[in-house]
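The values are calculated or read from the model by the stated rules, or taken from the named source; none is laboratory data. Owing to the predicted nature of the structure, the values given are computational and were not obtained by experimental measurement. Note that we place each Cβ from the backbone using ideal geometry, even for glycine, and neighbour counts take in every protein chain shown. Areas reflect the complete protein model, heavy atoms only, side chains present, ligands, DNA and RNA absent. Shrake-Rupley method; radii C 1.70, N 1.55, O 1.52, S 1.80 Å.
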Amino acid sequence: MTTTKITIRRSATATSGSGRALNGPRLKGSGPERKKWGYTVLAVFFLAIMLFPVYWMINASLQPNGTTLETSWLPLKPDFTGYATAVSEQGGNLVTSLVISLGSVVLSLAIAAPAAYALAYFKVKGAGVVLFAILISQMIPGIVVANALYTAYNDLGLLNSVPGLILADSAHGIPFAILIIRAFMNGMPASVIEAARVDGAGHLRAFWSIVVPLSRNSLITAGLFTFLFTWSDFLFALTLTTTEAVRPVTLGIFQYIGAYVNDWSSVMATAVLASIPAIILLVAAQKYIAAGTTGGAVK
Amino acid sequence: MSLTTDLAQAKSRANIRAKARAKSGSETTPAGEASPSPRSRRRKHRERIYQWLFLVPAVIYMALFFGYPVVKNIVMSFQDYTTATFFTGEAPWVGLANYAKVLSSSLFSTSLVNTALFTLGSIAGQFVIGLALAIFFQRKFPLNGILRSLLLLPWLLPLIVSSAVWRWILDKDSGALNRFLGGLHIVDTGIPWLTSTSLALIAVVGVNIWIGIPFNLTILYGGLQEIPDELYEAGSLDGATGWKAFRHITWPMLRPVVSVVLVLGVVYTLKVLDIILGLTNGGPANSTQTIATQSYDLSFHEFKFGEGAALGNVLVVISLVFAVLYLRASRRSVDE
């Protein structure tokens, strides 16, 4: 494999001089303008197929309530009774999900950011072991964690509690947050931190007033994803709650569809409301995802 | 993706940082470097402890929420752990009885076959469609970036939301799919996608493919972008275009990324629970029951936590086999 790589590299350098000039119309070529728009049309077609379920969710959420046999293909007469039902029946669950997700973001960042700093900047003994453990943790099935946590939570009285769910749900976010923040901090100029340390700043000071502001974008990216992971959590909501006291919206939807459904518009309205964070992330986080990957090079 | 690039980065950065530190270290504490006096050694020691403190919360968390469950699950799998345990606090040691019972039940073979079919079907579909779309998006055309990022949406939606939407689309009587097929006169009567024992697994696999396409597309697209243009230019001089270019240039260059995508896909698909519970709840007649759903069922419906734990451990072992494959694959891609 290495030999092919070497030859490839040689040929790449050999042609790189003239390569730019004869950037032919093949593969990544610049065909005629009309052909390019043809590809756009094709891409929109693929996108339409892939996003049809999302459209259908929004369409069905706007249909009138009750036992309409057929959902019409277009929401020509949008009806918001589905949303009214959704808010009145699932509003509390949405708030529960929001509280748990925000709590999980705070906890995850508080744990992950210092850890990422230690892994990226200090040459801590055992860093490799920690990193390896994080990678392996991704292979552990959630049901195994839930099975053991249920018994422990039962003893500790953490079942049906917001703190219990925040702690458990952070298992989705913390390993990911450590990896993403660490990747960013790897690119952070060490000289800035060392300068602060020489000026007499303690470790905590240097971390809080230099490292955290510098890695703001990666913290936001990790926070957004952690929020989404926790918001989407279903397994821990399902296994670590036994009463109606604390009920995230994912579990609310599951209970809707667990029985025979005769009012799809309110189920779909709830589904739309539960999708809002994902849509916000897709629109807003573009910048931060890009910032997270390229920001490392900025001095 | 982040996992693999991470490993690669870690290696190269470690060297750079080691050099940088060696330099700055000799600047700040020249005396300490030259002849380690007891005082500077003590200071170094204290410095180490401070550095470790940054890592401690994460280590504790990982130990409590990943380490402890794994160990506890192994212990539970050798115990008769039921609801009674919560009251009496007693979980009699039963040795391998849980494993024997779980592995010999007729449902286990069903679940095992379903898990294999679900995983293979999902991965094959996600990968082929994801790769095809990734190659398509290599072309330069207007709005490419926006359209590609919008394709991520199915992946970002909560799985239970996707399950609910697909439940409605695949509904036998008034679901969108059957109405569409009926409108084209492909079928006369509604197809019971989720309620027929022969179709339910296919439908569940189909939905999971839909969810997994964006992930495969994103990572494979990233891998394709890494292949230098010059290779294709050199190839085209030798007459390698189209399929030939794909076979002799794209595929060999993409191989490391492909192996990572496939193994990660398998590990993630093996533990899928939300989608199956949301769509079919393992039914009809266990036709979509997998090892993960059956483990959930044993623990949280039949309250046989010991047996649920045993089955969960079987799943861990299967995942670990692929984890080893993954680590070998990612190490190879780092070495290359």
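Brief remarks follow.
- ³J(HN,Hα), Karplus 6.51/-1.76/1.60, whole Hz, each residue of the range B:184-200, x for Gly, Pro: 8, 6, 7, 10, 9, 9, x, 8, x, 3, 9, 10, 9, 5, 8, 9, 4
- Span per principal axis, largest first, for the Cα atoms of the range B:158-250 (Å): 57, 33, 22
- For the range B:69-147, the C-alpha radius of gyration sits at 2.01 times the compact-globule guess of 2.2 N^0.38 Å, with N the residue count.
- Distant-in-sequence amide contacts of residue B:79, defined by a placed amide H-H separation under 5 Å and a gap of 5 or more residues or a different chain, comprise B:94.
- Kirkwood estimate for chain B, i.e. one over the average of 1/r between Cα atoms, Å: 24.3 Å
- Virtual spin-label span in nm between residue B:247 and residue B:120, 7 Å along Cα→Cβ: 2.5 nm
- Residue B:40-residue B:226 pseudo-label distance in nm [points 7 Å out on the Cα-to-Cβ vector]: 4.2 nm
- The range A:144-212 and the range B:140-170: distance between their alpha carbon centers, rounded to Å: 30 Å
- Across the range A:74-90, rounded Karplus estimates of 3J(HN,Hα) from the backbone phi angles (6.51 cos²θ - 1.76 cosθ + 1.60, θ = phi - 60°) give 10, x, 5, 10, x, 10, 9, 5, x, 5, 4, 4, 4, 5, 6, 8, 10 Hz, Gly and Pro being marked x.
- Using the average count of surrounding beta-carbon atoms within 10 Å as a protection proxy, the listed peptides A:214-225, B:49-60, A:258-269, B:160-171 rank, highest first, as B:160-171, A:214-225, A:258-269, B:49-60.
- Backbone geometry of the range B:202-209 corresponds, through the Karplus equation with coefficients 6.51, -1.76 and 1.60 at θ = phi - 60°, to 3J(HN,Hα) couplings of 4, 5, 5, 4, x, 5, 5, 5 Hz, x marking Gly and Pro.
- Accessible area buried at the A-B interface, both sides summed, 1.4 Å probe (Å², nearest 100): 10200 Å²
- Shielding by partners - mean other protein chain Cβ count within 10 Å, residues of B:224-231: 5
- FRET efficiency, 1/(1 + (r/R0)^6) with R0 30 Å, evaluated for residue B:180 and residue A:262 via beta carbons: 0.85
- Between residue B:71 and residue B:302, the simple spin-label model (points 7 angstrom out along Cα→Cβ) gives 2.9 nm.
- For chain B, calculated [θ]222 nm from helices alone, where every DSSP H run of n ≥ 4 adds -39500 (n - 2.57): -23500 deg cm²/dmol
- Members of B:172/B:304; B:140/B:244; A:36/B:244; B:72/B:271; A:125/B:271 lying beyond 26 Å, as alpha-carbon distances in this model show: B:172/B:304; A:125/B:271
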